[in-house]
Every structure is written in C-alpha cells, then in structure tokens.
1. Evaluate the relative contact order of the range 272-413 (contact order divided by residue number), counting alpha-carbon pairs under 8 angstrom at least 6 apart; express in whole percent.
2. For the range 304-365, state the semi-axes of the equivalent ellipsoid (square roots of 5 times the eigenvalues of the alpha-carbon gyration tensor), sorted largest first and rounded to whole angstrom.
3. Give the aspartates and glutamates whose C-alpha is closer than 12 Å to that of Lys289, dropping any in the same chain fewer than 8 places away, or say none.
4. Dipole magnitude of the chain about its Cα centre, charges +1 at Lys/Arg Cβ and -1 at Asp/Glu Cβ only, in debye to the nearest 20?
5. Pulled fully out, how much extra length does the chain show between Ala32 and Ala272, if you take 0.36 nm times their separation in residues and subtract their Cα-Cα distance?
6. On the principal axes of its Cα set, how long, how wide and how thick is the range 350-411? Give whole Å, largest value first.
7. Note the direction-averaged projected area, equal to a quarter of the hull surface, for the Cα convex hull of the range 285-413, in nm².
8. Between Leu356 and residues 5 or more places away or on another chain, which pairs have amide H atoms under 5 Å apart, with H built 1.01 Å from N, and which residues are they?
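The values are calculated or read from the model by the stated rules, or taken from the named source; none is laboratory data. Keep in mind that what you see is a predicted model, and the values were worked out from it rather than measured. All Cβ positions, glycine included, derive from the backbone under ideal geometry; neighbour counts span all protein chains shown. Ligands, DNA and RNA are excluded from the accessible area calculation, which covers all protein heavy atoms including side chains. Shrake-Rupley method; radii C 1.70, N 1.55, O 1.52, S 1.80 Å.
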Amino acid sequence: MPRIEQFRRALKVLSDHASNLLLERRVRQQLASAAPATGQGYDAVVYFADDVASAYQVRQWFGPMSRLARTHPVAVLCHRPSTAGALLKDAPLPVHLATGIAQVEEFIQAHGVRVVFYVNNNQANFTVLRLTSPIHIHLSHGESDKISMASNQLKAYDHCFIAGEASRRRIEAAVRHLRPGSLVEVGRPQLDDSLDGTGGSQGTTGGDRVGKAGTTRRATVLYAPTWEGDRPAMAYGSLVSHGPALVEAILASGEYRLIFRPHPRSGTRLPAHGQAVERISAMIKAAAKTEPEAGHYVDDRPDFAESMSEADVCVCDISAMAMDWLPRGKPLLVTMPADPGAAVDRNGIAGVVPLLDTGDSGNIVQVLHDLEAAPVSREQSDLVRRIFGDTSPFASTRRFISAFERALAEAGL
C-alpha cells in the first residue's frame, strides 16, 4: 500500500476517534442533565448494544417497560453514545450510557439492578452475560416466523420471555438441550399500548406525511415491508421484488389511501433496498402532491402504532409486523419471498394468510378487492391464539409483569 494511502487511512482513524470522543462527551452531558436524582435504584435495565438504525427494537418495549416501572423501576442502558442520544429524545424511561463491561458492572452494582433485559442477540450482550449477580432475560423485539427466531443463543439467558405456543414449538423443535422452564409465555404486551395513554413512544409526526386520517373515505392500505436480512435464509424483504409495482398500481387506481412504512434497516446491507425506499417514497410524495385529498404518506415515526390503527388492510412480509396485525381481525396480505433461499414455514403464517407472489404485484388492486370481500378465516383466528395466547386488554401486560416477579422470587432477589 502506498505511504500516502496509509497516511490518509491513519488520519481518518484519528478523525473518527476524535469525533466519537466528542459525541460521547456531548451525550454524557445530555444524559447527566436528564438523569434522575442521585441514588436512584433500578430493579431492571434494558441493555441495548446496537446502533441507531436498530433503535426500533428497544423503542417498541417502551410501553410495557413503562407499565412495569410503576412498581419496579426500569432504565435503558445503552452501549453506544449515538443510540443513547437518539433514545433520550423520546424515551419514557431514564437512559444511561455504559460503553464497556466495567462501566456496565459498576452501573449494576451502584443502582442495585436485579434483572437485565435484552431485545436482541447482539454479540455485545454476551459480554454482559458473564455477570452473575443479575437475572438475564431475553425478550426479542417481535414475534415472527423468521428463521432467526429459533436461535441457539437463547440458551445463554436465564429466561426467554416468548409470545406463545407457536414460539415455543418453533424454538423447542430447533434448539437442542434447551433448559426446561427457560421459555416463559407472556404474549405480546405491546398490543396493549394503544389502550394505555402512557405507553409507547410518542415520537413526532413524520415530515413526509401529507394529508390526515379522515380527509378521505378511501380504505387505507398499509404497506410495511421488512428489511433485506443478513443472509439468504432471512431474505424476506419485498421492497425490490414487489414494492414498486404494487405501490404504482395502488396509487394509479384512485381507490385507496396508501401508507408506506419501510423498515428502519432497509438498505443497510443491500443498497438496492435503500434505493427502492427512495423510489417508492418519491412516488408517494408525487401522488400526494397531485392528489392531496387522498392522504397518502410515508410513515417515518419511531412508533408504528398510529399507522397500524389508521389502516384497513395491511400488506407486509413474513415479519413481526404481520404477527402484530393479526389480532386486529382485518385483512392481511403477506408477500411471498422472491429469494428461493428464504426459509418459509408453511406451518406458520404463510400456511394461513394469503400470499402475494412477485408476478401478482401489478395486479394488487384486484387482489385487495378479493381480500376485502373474503371473511377473516377461522384458521387465522386460531393462529392468533397459537401465537399470542390471550389477547384480551392488558392480559399480556399482566403475564409479562407476573413472569418478571416470578423470576425475581425464584432467584431469591
């Protein structure tokens, strides 16, 4: 390598390091200003080691954690300064920063933390898992039929709070030598957020939104594709394969109001998916400008609850979005992955809900007509029970808090 190139790389490393130090210093000042009184103890922390693009994973637990915090104080403990700074803007819980294991250990001891929650399987989690004083509980960040939901990594935690019977069967069939009793069914506490004024991330209205709910009598379609995944078996995203054609057809029909909510990680691995987001967003902005009364918009708010509540029909991929939509009892259309390597569980949602092949994307309007005319099947209602168990108001919240308290009692904490 030429010396000039080595010199440029060295300068960039130094520049990045200096920028990170400045960012950390600024974020720590912000956190200190927002911190509760000295000596605040926490029964639990949500440890989050990922970047800002993945912050949706912890945000969706804000509602349940806020309700838990009414009786058991909870905080968010971030590994990255940028993520801590982003979450501080809308977190209903105290946010703290610990950039290394020594800081994590010091925080846990100083605040009397008894439980550490994890919403993903980031490698940094396993550094914290070496600590033996707290209980380690895996939550995940959504229930879905994605192959990643049955991971051997789950054996590392003391408990895994899962949605229901479907999750249990999936994990027990795939993960060998799982410790008996480690899987605890709690449902989906996030489904209670719309019933509780203090739950969930409020966020701000997306800047791309044009029009408001109620300005048109058109049925509202929510198109919420997932990201491209990190390997072929996880290639469930429909942005490139289905997205442009189905969006163009819906907008051209003049029959529907369209809400587009792309996954926050879209394009982080495959640029074509990010480009598809830009293309589709441009189409929707143009349609909204031409026909503002239709109310089309791109939803970029931190919380997806509002766009889901506005929609009459959902078109999405094999993902947690599909599972969260099911209990609403409204029409759901799931895309069939175009990548033949994508793992599709025909015993799950793909075996019950209508699937949209790539070739039918341009015919989406007729597909939607047929979908709206058909009643929600009994199989779909049975699937909701297998996935989430009891979905009556706050049933999942009660199970979640009860499971937390049992974990404390069993550990003698």
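1. Numbers: 95 pairs, mean separation 22.3, N = 142.
In percent, rounded to a whole number, it is 16.
2. Details: eigenvalues 81, 42, 20 Å².
Largest first, the range 304-365 gives 20, 15, 10 Å.
3. Asp208
4. On the way: 44 positive and 45 negative charges, 199 e Å.
Charge dipole of the chain: 960 debye, to the nearest 20.
5. Numbers: separation 240, 0.36 × 240 = 86.40 nm, distance 4.04 nm.
So the extension gain works out to 82.4 nm.
6. Over the range 350-411, Cα extents along the principal axes are 56, 23, 17 Å.
7. On the way: hull surface 47.0 nm².
Dividing the Cα hull surface by four gives the mean projection, 11.7 nm².
8. Those qualifying (amide H under 5 Å, at least 5 residues apart or on another chain) are Val334, Thr335, Met336.
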